[in-house]
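The values are calculated or read from the model by the stated rules, or taken from the named source; none is laboratory data. What you are looking at is a predicted structure, and each value in this text was computed from that prediction instead of being measured. A quick note on method: Cβ atoms are made from the backbone with ideal geometry, for glycine too, and the neighbour counts reach across all protein chains shown. Each accessible area value is taken on the protein alone, full model and side chains, heavy atoms only, with ligands, DNA and RNA left out. Shrake-Rupley method; radii C 1.70, N 1.55, O 1.52, S 1.80 Å.
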Amino acid sequence: MKKTNKSLLGSFLSVALPWAVAIFLLSACTPPQPQEITPENRNGITKDEILIGSSLALGGHAGYLGTQMLQGARSYIRHINDAGGIHNRKIRLIAMDDRYNPTQCLYNTQQLILEKKVFALFCYVGTPTTVRIIPLINEAQIPLVGMFTGANRLRQPVNRYLINIRASYYQETQSAVDFIVKEKKLNQVAVFYQYDEYGFDGLRGTEIALKKHGLIPVAKGSYVRGTLNIEGGLEKIIASNAQAVVMIGTYDSCAKFINLARERSFSPLFHNVSFVGSKELARRIGANGEGVMVTQVVPPPTVTPGTSPLPGVKEYIALLNASYPRRKPSFVGLEGYLNARILVEGIKRAGPDITREKFIKAIESIQKYDLGIQNPLSFGKNDTQGLDDVYYTVIHNGELVLIP
Amino acid sequence: MNYFNRLSLKNKIFVSCLGFILLVSFFIALFTRSLLITGLTGELQKRGIGMAQGIADNSRVYILTKNRAELTAIAYDGKLGNRKDIIKYLMITDNRGNILAHTFTTGFPPGIKTFVKRQDVENENITSMDVDNHSVFHVLVPVKEGIYTIGSVQAGLDKGHIEKLISDLRLLFLSFLSMVTIIFFFLSHRLALHITKPISSLIRYTDQITQGNFNILFEDEGDKNSWKPGARNDEITKLTNSFIKMTSRLKVSTKRLKDSQKKYHALFRSGPNPIFVVKKQTFNILDANPNAIEMLGYERKELLRMSLFSIANLNEINFTHKYPDGNTMVISSKVKFFKKNGGFLFVNIHANPSEYRNKDVLIVAATDITELVEKDSQLIQASKMTNLEKMSAGIAHEINQPLNAIKMGSEYLCMMKEKKQTIKDEDLDMVLNQISSQVSRAAEIVGRLKTFSRKADFSREVIQVNDCVRAVNKIIGRQITLQNIDLILDLAPLLPPVLAHNNRMEQVIFNLVTNARDAINERIEEKNDINKGIITLSTFHDADTVGLAIADNGTGIEPKDLDLIFESFYTTKEMGEGMGLGLPILQGIIKDYNGTIQVESTPGNGAVFTITFPAHVEKMGDQVTKGKIDENFNYR
């Protein structure tokens, strides 16, 4: 029997081996899916110009945000262009208004990429709008520098085309909750949020932060984006006797909320995130704004007399004054300026033979870059967010005052 | 095919099973693949159309309001999720083919705009085409507001999606097939073994039986598939059981055969008679029993190299006549067997055709009759002596005549000499010639006597019967004539010769003639019949016989005596006259020469004795030769 087994094995191998090889070859025969190899894209680069595109809210419920941002950015860009540009190329920025409308943003972005053939995208405003164009960005492999949103989806999973500058909502809400719970020792925290991804993101961030302190929101009130129907949410929150309200909304709805709350003698600690547009908020709530807190992701754009100004802020104010003399500096504008600073730095570092790839790599190489705001900026292969600091400001006398 | 035939049964089963499975698997794979391809393609198209229809429904309102931003959003949404795999691109057009929204983020593929413009937006259709080096199904679904077409949704379905699926499936299939093949490899091997192991055992046992070993044990193999006779109820078991029965039957038959063999061997060995086994046509000796060996004085191995022809005197033609197919044949002619030392003996031969070791043979048994023959010839000699007595008176008388004539002549010469007379020449010649011829005559008579009395040689010669008749006539003719009996010779010319001995033939004729004379004398004496006695000697022949007839008009023979006259010691003569051995002896002599003798007679009217002999065909002389009897029983 042993003998037959051996010969059996032998004959088996002599048959099976070529068979296995055949299968291997056959399976290898199916041609693998060809890799999508796109040649290095040189869209938007000409001998003397780099074309940059932006779709942002220049009108509508969030028009302030886009306008301010654009002014800040354009001030710096004009400054650079006046100095001869970068590697003899001037930056031309095409801005399209999407009115904080995601579909419009999508359409605009398609135009920018396909027809205008811009080199990079820049200064987008809002979470629903920006996340809408992520598929386009990935398909076109075009970088987006500077978004006025702290949405988590732009940061996780890491996407090298999405170059965030500002700190995230999670970070902002974390700071807010820390302040509320630790500093103010309040634990009845409610959340008022816009009923969209921006609001959900902020809500989530707040919940995560509260959980760290072993708390949960006592009430959650929301409103539909683009509307001012905040009453329902307000009722809920008033009914919960919240001591503090973390608000993730835009300036108009939040202003209405605070005004109405004050009318109803409901005065918890109001805490907004930076997206709210603090200046506009402050303007709209007037006296009701006393004590309202806003977390910021950039330092205040003011030069406080008696203190040495931050060099970045100083430059921003100066350049803004040069390009838009009648405009006042704002947090949003400062952000736009900072976004432009990064864009220019990236283009500079990419060299004269610039491509999108080189640009992105250049951005990734920015380490501990001093923007002059005492907040060194760092990017990396897995870090697509430049700044991490969150600032506390409070409205005092209609002005936003930094809490050190 | 040759290779296949040379495989063992086990491997044949194994290879066939495997080959069959592989073939079947191959065809199943082919079939399934084509089935799958058509199925999947159809499914892809259906799904694509479904998606396009969904998008069409969503975009209706925006086509009406010309909201390109919303349409673009819808188009891009159409590529979200798992639709991304299928939808390569999406376009929404108005009813004139202008693209309102699309998902070509990085640019339009060449020719797509013109293609879209040319499409008939009214009807759903699918086109297979290449866009941007991707193979797609271009699907068109009209967007209808009521019965009016306001635009279309056109999507490119990625064929690569299916191809990937198919190649995955193919790999899976192949792996599955390989597994099946491997499993079946072992299974069919086991199956083949299962079938052929009992057969191999049976082959072994059969071989053992062939070698004569009947004491085979059906061993228990000891493993799981232990095969006991009758363990399974299938054809193999039945075969085994039949085999066992056959083996025991075979055992019994073989034993019987062995016993029978022993018996006949004993018979052969110790048979009192010599027995030869000779090959049918060549008469080569295949075997001889001890008695035969002893009889001839050769050694066995010497005999086996010889043919029967070199031992026996077998070259007569009559050997062929007495040889019908198949039956026992007695060949009782006195056959001469030659011993090694040159001596010889006479035997009677019995031959029987048989089969011996796959050859056609004759079993030849011989009975020693040498003594008989000697006695026989002694008898013949004795009878000759008796005849001689009868002859001597005649001879004396015969010789007296020439002697008288010589005396007369010589006395005449003496007388003439005494008278001192001259003899005339012619008288002298006549007397001398007379004396000479009478001396010759006397010498002849004496000579005939000599030859007659001589014992015959055993070997036959070619003789002419006519000559014998004439010789006898010379001896006794005158005597008979003197007794007033006419002796008529009627001899056929061109008579074929026969194989015999001259003096014996003469003896026969002489005897019959004297018998005829005696019969005539008897008639004359007893019946007082004065009719002249006539003895007629006639010879005749046809194609292959020679005949001699002796007719007389003597007393004849009573019918009751006709059969008895050839019996030994039967005589009608007085005591002392004759012994009654004449006719039997004559018959013996005639039989020796393969002849026949017949008698016809009516009492009072004489008798006719007719003798026939086979005519001798011209061939080699009376030598001992090595020859063959061919298929027509002709001696060569």
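Brief remarks follow.
- Pick from segment A:191-220, criterion aliphatic (A, V, I, L, M) and within 9 Å of A:Ile248 (Cα to Cα), ranking: farthest from the chain's Cα centre (by Cα): A:Val191
- Filtering segment A:52-97 to residues that are of a type in the set (A, V, I, L, M, F, W, C), part of a helix (DSSP H, G or I) and either open to solvent by 30 Å² or more (accessible area, probe 1.4 Å) or closer than 17 Å to A:Pro128 by Cβ (or both) leaves A:Ala62, A:Leu65, A:Met69.
- Of all residues in segment A:145-160, none are part of a loop (DSSP other than H, G, I, E, B), touching a Leu at 6+ places or on another chain (Cβ under 8 Å) and open to solvent by less than 10 Å² (accessible area, probe 1.4 Å).
- Residue check, A:Leu334 under 30 Å from A:Gln194 (Cβ atoms) and either surrounded by 14 or more Cβ atoms within 10 Å (Cβ to Cβ) or modelled with pLDDT of 90 or more (or both): yes
- Set B:Asp427, B:Asp518: member being part of a helix (DSSP H, G or I), touching a helix residue (DSSP H, G or I) at 6+ places or on another chain (Cβ under 9 Å) and at pLDDT 80 or above: B:Asp427
- Scan of segment A:220-251 for residues that are open to solvent by 10 Å² or more (accessible area, probe 1.4 Å) and part of a strand (DSSP E or B), ordered by number: A:Lys220, A:Ser222
- B:Gln53 touching a Phe, Trp or Tyr at 6+ places or on another chain (Cβ under 8 Å), open to solvent by 30 Å² or more (accessible area, probe 1.4 Å), in contact (Cβ under 8 Å) with a residue 24 or more places away in the chain and more than 14 Å from chain A (Cβ to nearest Cβ): no
To keep it simple, each residue is scored yes or no on (1) more than 11 Å from chain A (Cβ to nearest Cβ); (2) in contact (Cβ under 8 Å) with a residue 12 or more places away in the chain; (3) open to solvent by less than 40 Å² (accessible area, probe 1.4 Å).
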position: B:Asp130; (1), (2), (3): yes, no, no
position: B:Leu140; (1), (2), (3): yes, yes, yes
position: B:Val143; (1), (2), (3): yes, yes, yes
position: B:Ile147; (1), (2), (3): yes, no, no
position: B:Val153; (1), (2), (3): yes, yes, yes
position: B:Leu171; (1), (2), (3): no, no, no
position: B:Phe185; (1), (2), (3): no, yes, yes
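- Test for A:Lys348: is it more than 19 Å from A:Gln171 (Cα to Cα), open to solvent by 10 Å² or more (accessible area, probe 1.4 Å) and modelled with pLDDT of 90 or more: yes
- Criterion applied to A:Asp201, A:Asp178, A:Asp196 was being surrounded by fewer than 21 Cβ atoms within 10 Å (Cβ to Cβ), acidic (Asp, Glu) and within 21 Å of A:Gln385 (Cβ to Cβ), and the one residue passing it is A:Asp178.
- Residue count, segment B:97-116 (criterion: away from chain A (no Cβ under 11 Å) and either in a strand (DSSP E or B) or of a type outside the set (S, T, N, Q) (or both)): 9
- B:Asp94 being away from chain A (no Cβ under 14 Å), more than 60 Å from the chain's Cα centre (by Cα) and either of a type outside the set (Phe, Trp, Tyr) or farther than 24 Å from A:Gln141 by Cα (or both): yes
- If the condition is being among the hydroxyl-bearing types (Ser, Thr, Tyr) and open to solvent by 10 Å² or more (accessible area, probe 1.4 Å), then segment A:252-288 contributes A:Ser265, A:Ser267.
- Of the candidates B:Lys117, B:Lys79, B:Lys84, the single residue that is surrounded by 17 or more Cβ atoms within 10 Å (Cβ to Cβ) and among the basic types (Lys, Arg) is B:Lys79.
- Per-region count, segment A:93-116, residues within 9 Å of another protein chain (Cβ to nearest Cβ), touching a residue at least 40 places away in the same chain (Cβ under 8 Å) and either of a type in the set (A, V, I, L, M, F, W, C) or over 18 Å from B:Ile74 (Cα atoms) (or both): 2
Each row is one residue, and each column tells you yes or no for (1) without any contact (Cβ under 8 Å) to a residue 12 or more places away in the chain; (2) of a type outside the set (D, E, K, R); (3) open to solvent by less than 50 Å² (accessible area, probe 1.4 Å).
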position: B:Glu355; (1), (2), (3): yes, no, no
position: B:Lys359; (1), (2), (3): no, no, no
position: B:Ile369; (1), (2), (3): no, yes, yes
position: B:Ser383; (1), (2), (3): no, yes, yes
position: B:Ser392; (1), (2), (3): yes, yes, no
position: B:Ile406; (1), (2), (3): no, yes, yes
position: B:Glu411; (1), (2), (3): yes, no, no
position: B:Lys417; (1), (2), (3): yes, no, no
position: B:Thr422; (1), (2), (3): yes, yes, no
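- Selection of segment A:375-397 for residues being of a type in the set (A, V, I, L, M, F, W, C) and farther than 19 Å from A:Ser274 by Cα yields only A:Phe379.
- When the residues of segment A:114-131 are filtered to those that are surrounded by fewer than 24 Cβ atoms within 10 Å (Cβ to Cβ) and under 13 Å from the mean Cα position of the chain (by Cα), the one that is modelled with the highest pLDDT is A:Val131.
- Some residue of segment B:210-220 being assigned to a helix (DSSP H, G or I) and at pLDDT 75 or above: yes
- Residue-level check: of (1) within 30 Å of A:Val118 (Cβ to Cβ); (2) within 14 Å of chain A (Cβ to nearest Cβ), B:Val61 misses just (1).
- Residue check for A:Leu215: part of a helix (DSSP H, G or I), of a type outside the set (Phe, Trp, Tyr) and either open to solvent by less than 50 Å² (accessible area, probe 1.4 Å) or over 30 Å from B:Ala101 (Cβ atoms) (or both): no
- Residue in segment B:68-91 that is farthest from the other protein chains (Cβ to nearest Cβ), counting only those that are of a type in the set (Ser, Thr, Tyr) and outside any strand (DSSP E or B): B:Tyr76
- Applying the set (1) more than 14 Å from chain A (Cβ to nearest Cβ); (2) within 24 Å of B:Leu90 (Cβ to Cβ); (3) crowded, with 17+ Cβ neighbours inside 10 Å to B:Asp158 leaves exactly one unmet item: (1).
- Verdict on B:Lys450 being over 19 Å from B:Ile380 (Cα atoms) and surrounded by fewer than 16 Cβ atoms within 10 Å (Cβ to Cβ): no
- Among the candidates A:Val294, A:Val303, the residue that is at pLDDT 90 or above and of a type in the set (A, V, I, L, M) is uniquely A:Val294.
- Meets criteria (assigned to a helix (DSSP H, G or I) and either at positive phi or without any contact (Cβ under 8 Å) to a residue 24 or more places away in the chain (or both)) for A:Phe200: yes
Results for (1) within 28 Å of the chain's Cα centre (by Cα); (2) among the polar types (S, T, N, Q); (3) modelled with pLDDT under 80; (4) within 30 Å of B:Cys17 (Cα to Cα), shown as yes or no for each residue.
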{"site": "B:Leu193", "(1), (2), (3), (4)": "no, no, yes, yes"}
{"site": "B:Ile203", "(1), (2), (3), (4)": "no, no, no, yes"}
{"site": "B:Lys251", "(1), (2), (3), (4)": "no, no, no, no"}
{"site": "B:Ile275", "(1), (2), (3), (4)": "yes, no, no, no"}
{"site": "B:Val278", "(1), (2), (3), (4)": "yes, no, no, no"}
{"site": "B:Asn284", "(1), (2), (3), (4)": "yes, yes, no, no"}
{"site": "B:Leu303", "(1), (2), (3), (4)": "yes, no, no, no"}
